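Peer 1: Let me begin by handing over the structure; questions about it come next.
What follows draws every value from the coordinates through simple rules; no lab data is involved. The structure displayed is predicted, hence computed values, not measured ones. All Cβ positions, even for glycine, are placed from backbone atoms using ideal geometry, and neighbour counts span all protein chains on display.
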């Protein structure tokens, strides 16, 4: 009777060793996956930080462009006042005699220069607006990418939490008496 009991005990011991080995292997795979997820999490956090920094830089550039646009608009307003005054003076000179014809020619040149200045300023304003729009578009794209990364990050966090919950359930089941 000793011999069959010893054989049974040896088989049970071998089965228990096999079960422990299988469980350790599963835990090694889970730990490897958790390490990979942690690395992916870290990489995404670094990408988010980079995007945040670029957004801050772009915010500063947009603020500078807005200030420049305001300055150009103020210049245009002041030039419009000057042009209005020059046009009134031009009308007065047209009513006067020939002795004022030289002054009238000079005034036309000044008006033409002012108009050319306004045209250049309008072109500069348009180019600044186009640059601002480009920065805003890049900012929107960056924000869109950041939101996608955050979504992926949240999905990864959810998966890690599910894996941890499953792991704790397995641990509790293995510890609970059968």
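Peer 1: For the pair residue 159 and residue 56, what calculated FRET efficiency results from E = 1/(1 + (r/R0)^6), where r is the Cβ-Cβ distance and R0 = 30 Å, to the nearest 0.05?
Peer 2: Efficiency, rounded to the nearest 0.05: 0.45.
Peer 1: Can you pull the one-decimal nm distance between simple spin-label points at residue 46 and residue 175, each 7 Å off the Cα toward Cβ?
Peer 2: So the two model labels end up 3.6 nm from each other.
Peer 1: Now, a different point. What is the angle, in °, between the Cα long axis of helix 101-175 and the longest principal axis of the Cα atoms in the chain? Nearest 10 is fine, range 0 to 90.
Peer 2: Tilt relative to the chain: about 10 degrees.
Peer 1: Still on this structure, I have one more. Report the convex hull volume per residue for the range 51-136, counting only C-alpha atoms, in Å³.
Peer 2: Working: hull volume 5.5 nm³, N = 86.
Measuring per residue, one finds 64 Å³ for the Cα hull of the range 51-136.
Peer 1: Given (1) 18.8; (2) 15.9; (3) 24.5 as candidate values of Kirkwood radius over Cα pairs in Å, which corresponds to the one derived from the coordinates?
Peer 2: (3)
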